[in-house]
Amino acid sequence: MATRRRTHQATEVSKRAILEAVLSRAVEAGYEGTTMADVARVSGLPIGSVYWHFQNKEQLFVELLDYCFEVWRTAHEAVGDLREMLRRTIGDSAAASGNLTDPAAAFWSIGLVFAFERRLVDNLARQRYLAIRREMFDFIAARLRTSYRGVPDEVAVELADDMTVLGRALTDGFRVAAAAGDETDFARYADLAADALESLVSTRLREYADTV
């Protein structure tokens, strides 16, 4: 029993080392530029160990995206405020260029490849990335929805969805700006974006109040 437990622990340690290796390599080289041999070299494990855990590169990236998303979701569980949500997501996306070890930040950099690379349309990792974007949208919208009190559910749902669409567009845009090397104070612009969206929310809520 003790031997089985040690084997399981060793397996999990190896798997984590592989995911951390592909995380840093993928941010630097992207999907196409990352090979299983690269991952083995960076992780310090035999390539046979990499293939033992992951059948191929697609499966490896699927699990990497799941890992990054889980870290992101855990960090945002308690966030229900639009301003803080924007600060975190824009901050993560902008930080992705310089941070090779933070999964929450790296998700945006890795995802950018799958968003633009149409040749990967049937790739399982790209499909998982798109599915995670939908899950992330639902996650954020659900938290914003609870902050719009005193309005019917359908009004809160529409407003939360609109703010989530705009917030995601801003986050994607800032990620491209960061990848292009723009010298921008992303924290400042996250606050400006939050000001604009909060003003829009206030306007929409006033418009609703005027109709009842």
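A short reminder: the numbers here are calculations on the coordinates, not readings from a lab. Here the structure is a predicted model, which means the values were calculated and not measured. FYI the Cβ positions are ideal-geometry reconstructions off the backbone, even for glycines, and counts take in every protein chain you see.
Listed values, structure above:
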item	result
Full-extension gain in nm, Asp153 to Glu207, via 0.36 nm per residue minus C-alpha separation	17.9 nm
Label zone at Phe137 (point 7 Å along Cα-to-Cβ), backbone N below 12 Å, segment 150-173	161-169
Whole-number D in µm² s⁻¹ for segment 158-212, Kirkwood Cα-pair radius fed into Stokes-Einstein, 25 °C, 0.890 mPa s	195 µm²/s
Computed label-point distance, nm, for sites Thr74 and Thr35 using a 7 Å Cα→Cβ extension	3.3 nm
Length-normalised contact order of the chain in % [C-alpha pairs under 8 Å, at least 6 apart]	22 percent
Test item: Cα-centred dipole of the chain, Lys/Arg +1 and Asp/Glu -1 on Cβ, debye	920 debye
Label point distance in nm, Glu28-Ala180, each placed 7 Å from Cα along Cα→Cβ	2.7 nm
Rounded FRET efficiency, nearest 0.05, which uses the C-beta distance separating Asp191 from Tyr51 and R0 of 45 Å	0.45
Peptides ranked, highest mean first, by Cβ atoms within 10 Å: ranges 64-75, 111-122	64-75, 111-122
The chain: DSSP helices with Cα axial extent of at least 15 Å and average Kyte-Doolittle hydropathy no lower than 1.0	103-116
Helix-only CD estimate at 222 nm, as mean residue ellipticity for the chain, using -39500 (n - 2.57) per DSSP H run (n ≥ 4)	-26500 deg cm²/dmol
